[in-house]
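The values are calculated or read from the model by the stated rules, or taken from the named source; none is laboratory data. Since this is a predicted model, take the numbers as computed values, not measurements. So basically every Cβ, Gly included, is an ideal-geometry build from the backbone, and we count neighbours across all protein chains shown. For accessibility, only protein heavy atoms count, side chains too; no ligands or nucleic acids. Shrake-Rupley method; radii C 1.70, N 1.55, O 1.52, S 1.80 Å.
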Amino acid sequence: VTAKIDGRYISKFVPPHLPVVDKRPSSLVSFFSGSPNKAAAKKFSFAEGEKCSTPYGPATVVEHRAADNMVVVDMIGWKAKAYLKEEAVKIEKGSLLASFFRGR
């Protein structure tokens, strides 16, 4: 069924079909065989109050939600709270040189 409105032909909207996804584990590169090693998955550990770096700047860890793989951080330098994936948050390790420049 088509109709003509203001010189344009219109028809009923048909939504697109979703692709079918193969749920079997496979490697990213075809010449590697085997399934991904779940034991080698990186475990993250975040403590409340730790300084960290994020893609949006430095921050302080407020909460770690291990069940959701989320870290809640307060941004340093601006008033914002960010809810980020564990992979996006890097804990800053203190160094001897950094301790010389730390405010007292």
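Give me a count of the residues in segment 1-44 that are modelled with pLDDT of 70 or more, under 30 Å from LYS81 (Cα atoms) and open to solvent by less than 100 Å² (accessible area, probe 1.4 Å).
1
Going through segment 55-104 one residue at a time, which ones are among the charged types (D, E, K, R), surrounded by 12 or more Cβ atoms within 10 Å (Cβ to Cβ), modelled with pLDDT of 90 or more and not in a strand (DSSP E or B)?
Residue satisfying the conditions is GLU86 alone.
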